[in-house]
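The values are calculated or read from the model by the stated rules, or taken from the named source; none is laboratory data. Fair warning: this is a prediction, and the values are worked out from it, not measured in the lab. Counting neighbours? That spans all protein chains shown, and the Cβs are built from the backbone with ideal geometry, glycine included.
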Amino acid sequence: MADGIYAVLLADIVASTARKDVRALLRRKLAAASEKHLRQKLIRLPYSVTAGDEFQTIAGELPPLPALLLDLRAALRPLSLRVGVGIGSVSGRIQPPVNQLTGEAFQLARRAIESIKEGRFFKFDVLTAFASGNEAFDNTINLIYGLHDTLVLQITSKQWEAIGAFLSRETLRPTARRLQVDISTVSRNLKRGYYWQLAETVNRAGSFIERTFG
């Protein structure tokens, strides 16, 4: 990756006011996600709640970003996320707490998540937006994720449960054992939950990011 280029994730919870326990649930889910994603080196700093239901981190290497986004969505269910990704520079030394850090990547992440809230991109709902200052990259990756999110918005709780378990085990039999269902049920829920389309997004978007910023 190009020296000095980082990805900042800035996320919040969709319809958070509809849940009374959202803050406690978010902190519990984020603690588990931080432990896992730090161990996998998908993030550089623990997820940190910065205001209300909003949280942020700095990703690890850029190509695994799509894998991180998918795993984070699965890990935080039943909470639904809006995520703005800013790709750019970070000022000063990267160390916790993340809410004390500044720089271009943070500004771009803020711009990205505000674009979701304001519906700037499309005439349909999206959950993910990128901003990097590279117009060609931004247009393409945001179209990919606009179509991707159309599928994400249709995934049921049971299908997310199968996706989350499969992401941790990557084969059907251990996933079925974990969920205490038969293999055919797991396979059906993955297919109906668009898992294979989501997996292709992870692979192709990761390669695209690597070609652009590598």
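In this structure, is L62 under 15 Å from the mean Cα position of the chain (by Cα), of a type outside the set (D, E, K, R) and within 16 Å of L81 (Cα to Cα)? No, not satisfied. The set of residues in the range 126-154 being more than 12 Å from R82 (Cα to Cα) and among the acidic types (D, E) consists of E135, D138.
Residue-wise test of (1) surrounded by fewer than 20 Cβ atoms within 10 Å (Cβ to Cβ); (2) modelled with pLDDT under 95; (3) β-branched (V, I, T); (4) not in a helix (DSSP H, G or I).
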site: M1; (1), (2), (3), (4): yes, yes, no, yes
site: G4; (1), (2), (3), (4): yes, yes, no, yes
site: K20; (1), (2), (3), (4): yes, yes, no, yes
site: L26; (1), (2), (3), (4): no, yes, no, no
site: L38; (1), (2), (3), (4): yes, no, no, no
site: P78; (1), (2), (3), (4): yes, yes, no, yes
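Applying the criterion of being more than 13 Å from the chain's Cα centre (by Cα), under 18 Å from A75 (Cβ atoms) and not in a strand (DSSP E or B) to the residues of the range 44-59, the residue that is modelled with the lowest pLDDT is D53.
Yes or no: V49 among the aliphatic types (A, V, I, L, M), over 20 Å from L198 (Cα atoms) and in contact with a Phe, Trp or Tyr (Cβ under 7 Å, 6 or more places away or on another chain)? Yes.
Restricting the range 165-189 to residues that are aliphatic (A, V, I, L, M) and closer than 18 Å to L76 by Cα, the residue that is surrounded by the most Cβ atoms within 10 Å (Cβ to Cβ) is A165.
One residue stands out among those in the range 76-135 that are in contact with a helix residue (DSSP H, G or I) (Cβ under 6 Å, 6 or more places away or on another chain) and among the hydroxyl-bearing types (S, T, Y): the one that is nearest to D21 (Cα to Cα), which is T128.
Quick one: in the range 112-123, of everything that is in contact with a Leu (Cβ under 9 Å, 6 or more places away or on another chain) and not in a helix (DSSP H, G or I), which residue is surrounded by the most Cβ atoms within 10 Å (Cβ to Cβ)?
Once the filter is applied, the top-ranked residue is F121.
All conditions in (1) over 16 Å from the mean Cα position of the chain (by Cα); (2) crowded, with 20+ Cβ neighbours inside 10 Å hold for P96, with the sole exception of (2).
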